[in-house]
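Student: Got a structure here, written out as structure tokens. Questions coming.
The values are calculated or read from the model by the stated rules, or taken from the named source; none is laboratory data. If you're wondering where the values come from, they're calculated on a predicted model, not measured in any experiment. Cβ: placed from backbone, ideal geometry, glycine included. Neighbour counts: every protein chain shown. Just the protein is used for accessible areas: all its heavy atoms, side chains included, with ligands, DNA and RNA removed. Shrake-Rupley method; radii C 1.70, N 1.55, O 1.52, S 1.80 Å.
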Amino acid sequence: MNSQSNEKNMDINRTNQSTPNIRWMLVGYDLVVYAVVAIILLVLYGGMDKLSPVGIFQQVGLSVLCIFAARLLGKIYGQVWRYGGIQCYIRLLFTDSIAFVAYLGLELLLPVQKITFARMLSIVSLNLLGALALRMMYRYAYKCGNQETTRGKILSTLLHMFSGIEAGNEKEVQKIKVAIIGAGRVGVSLAEELLNNAEAAYIPRCFIDINREKVGRDIHGIPVWSEDEATFKRLGEFEVQEIIFAIQSMDAKKKKALYDYYKDAGYKLKVYDYPTVYAAGGKRHLREFDIEELLFRKPLVVSDERTNAYYKDKIVLITGGGGSIGSELCRQLAKMQPKKIIILDIYENGAYDVQQELKIAYGNSLDLQIEICSITHRKALERVFEKYHPQIVINAAAHKHVPLMEHNCVEAIYNNVFGTQNLVELCEEYGAERFMMVSTDKAVNPTNVMGATKRMCEMIVQSASTHGKVKYSATRFGNVLGSAGSVIPLFKRQIANGGPVTVTDKRIIRYFMTIPEASQLVLQSGAIANNGELFVLDMGQPVKIMDLAENMIRLSGVQGIEIIETGLRPGEKLYEELLVKTEELDKTDNSMIFIERDTPVSEEEINKKIQTLRNACDTGDDLIAKEALRSVVPTFKTPEEVNKEIA
């Protein structure tokens, strides 16, 4: 569904208009019922007002015209009777009553051979009784037909013979009735899965689609409605309880409008798709909306064939490989057929989890190795490089929690700065081809220790590119949804505990991306890097943290959750920047990726900066270390300086 068609076909203030959707087979059966009634009451019945052949023809014409015109105008043949409730039968009764009044009027006005009032009423009433009986028998056969009992088999056979569909299951009554948005391949596969699985908790009642070729038709006996036809009234008639989104790609604005529309009406909403952050070898399944999807922006896909080809048959070392970003890098790389992946992490549980996941998905076709050590442990790192001689090194290991690093400055410098320096030196010593560093938007005009250490890492990498043999690059992106330490898990825990949800400042805005997006960006940047580039992703419009909190509360369905403003944390600023002010900003082949070209620091100067930090860290004093960090990172500002500009 393209976005133009979406906007054109969707009217959020839906009307009750609907296109004709006639089941001609049912019309045929109703005509058979009428024929039986007409033979009995107009041909065989003598009485005092016995009709001539012309009179019979006249009465048949009048009654057929009135009855079937009323039913067509009343959309009786647009209903799916196997799901129909009492309202469907009331509608049939009402339309046939109108037909009788019309029949009576025409009988009095037109010059036709007359019959008694009682005979006219009998024709309409007996025909109505036959139509109702036909529908009840159909629904009974659908509900009670099965392959387990003799009666069930007979009913199932008769149903298939006369309607062409298979019998339903009596368990359907207990199942959750759903409407599926999207009658494409994904939506139809979901419907097939639900219909074919007797133990499924859901039963599809209708599709909602904008494709005119599909609207008004049935798929597996399930009607396809346009968005205008899918009114709340009609959904209620079909007892729909939940709405399932089953469209591979949908315009973000359209998706948000549909989400808000059905959510505000009280429907539960689900998605039939992969998880936003999915495990290797995963399959589509029915799930709740992820908070990532509530940002309602189109996911950025930055990986391409060139990227895949670059990593094929390469030995890749990923530091921090058990973390949020590192583990997703492993998943993405595993698809590219590398020669070997080495997961290096100090936290053995994370490394073990991703190892087991990839083993299940790829078996022996993937050469996967685990090394447990810290990037600050130079000798342990050296043994890893000596053992594997990695061609590509991706540094995703870092302390990144902003408030914690404010009070642990020495540790932040040791891990982020000295760890990166260790890796750069070993890459040169052991002849690696490429070194890629994972950076952050917090490195731009940093107001906290974490951001300042990452800016220092960027300077180390860019400096090394001017004198080393290895090709270097750094990749900078915004907040990663769902990563360890991100705001999403915190909000989820707070909601689960009944609130309140805490935001530091209602004005705070942040750029967001998903873990797969961030990981793909790192991999593509490494593949296209020449040397010394700092890659930045155009992440679109920033998101208010307040809006994120409100959406999560709505998504949870929990009532009465309060949002409390707690005040900015140490080192926190109201907004994040992605680009340092610079005179040169280049585009790449991917329109979403830019290259910021900074003036690299010389090798001599970078060594002086590192020595300054070492001397400060040797004191063990976090305040001294912080001041040293401020002296070597000229753009390191206080939060007050930055925040007062937009306060």
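Student: Once the other residues with Cβ under 14 Å from the Cβ of Leu92 are scored (Lys, Arg +1; Asp, Glu -1), what is the net sum?
Tutor: So the environment of Leu92 carries a net charge of +3.
Student: Excluding Phe238 itself, what net charge comes from residues whose Cβ is under 9 Å from its Cβ, given Lys and Arg +1 and Asp and Glu -1?
Tutor: Net of charged neighbours comes to +1.
Student: Out of residues 5 or more away from Glu433 or on other chains, whose amide H comes under 5 Å of its own, with H placed 1.01 Å from N in the peptide plane?
Tutor: Amide H neighbours of Glu433: Ile392.
Student: Do the alpha carbons of any pairs in Lys263/Lys492; Lys340/Lys442; Lys153/Lys233 sit beyond 30 Å of each other, and which pairs?
Tutor: On the way: Lys263/Lys492 19 Å; Lys340/Lys442 32 Å; Lys153/Lys233 36 Å.
The answer is Lys340/Lys442; Lys153/Lys233.
Student: Let me ask another. Determine the sum of side-chain charges near Ala616: Lys and Arg each +1, Asp and Glu each -1, restricted to other residues whose C-beta is under 12 angstrom from that of Ala616.
Tutor: Result for the neighbourhood of Ala616: 0.
Student: So how exposed is Ser122, as accessible area in Å² (1.4 Å probe, rounded to 10)?
Tutor: Number for this one is 50 Å².
Student: How much length would be gained if the chain were fully extended between Lys153 and Asp218, taking 0.36 nm per residue of separation minus their Cα-Cα distance, in nm to one decimal?
Tutor: 20.9 nm
Student: Still on this structure, I have one more. Over the range 307-440, what is the mean sequence separation of C-alpha contacts under 8 Å (at least six apart), divided by residue count, expressed as relative contact order in percent? Intermediate values should be presented prior to the final figure.
Tutor: Details: 221 pairs, mean separation 34.9, N = 134.
Once divided by the residue count of the range 307-440, the mean separation gives 26 percent.
Student: Just list whichever of Lys339/Lys471; Lys454/Lys544; Lys312/Lys626 have alpha carbons separated by over 31 Å in the model shown.
Tutor: Checking Cα-Cα distances, Lys312/Lys626 exceed 31 Å.
Student: Roughly how many Å² of Glu565 are accessible to a 1.4 Å probe, to the nearest 10?
Tutor: Answer for Glu565: close to 90 Å² accessible.
Student: Next up: Give me the lysines in straight-line cross-link reach of Lys50: C-alpha distance below 20 Å, same-chain residues under 8 apart excluded.
Tutor: Of all the lysines, those that pass the test against Lys50 - Cα under 20 Å, at least 8 places apart if same chain - are Lys114.
Student: Along the Cα→Cβ direction, 7 angstrom out, place labels at Lys50 and Ser249. What is the inter-label distance in nm?
Tutor: In this crude spin-label approximation the distance works out to 7.5 nm.
Student: In addition: Give me the number: length gained by fully extending Lys469 to Arg378, i.e. 0.36 nm times residue separation minus the C-alpha to C-alpha distance, one decimal in nm.
Tutor: Fully extending the segment from Lys469 to Arg378 adds 30.7 nm.
Student: Using a 1.4 Å probe, how large is the accessible area of His285, given in Å² and rounded to the nearest 10?
Tutor: Result for His285: roughly 70 Å² accessible.
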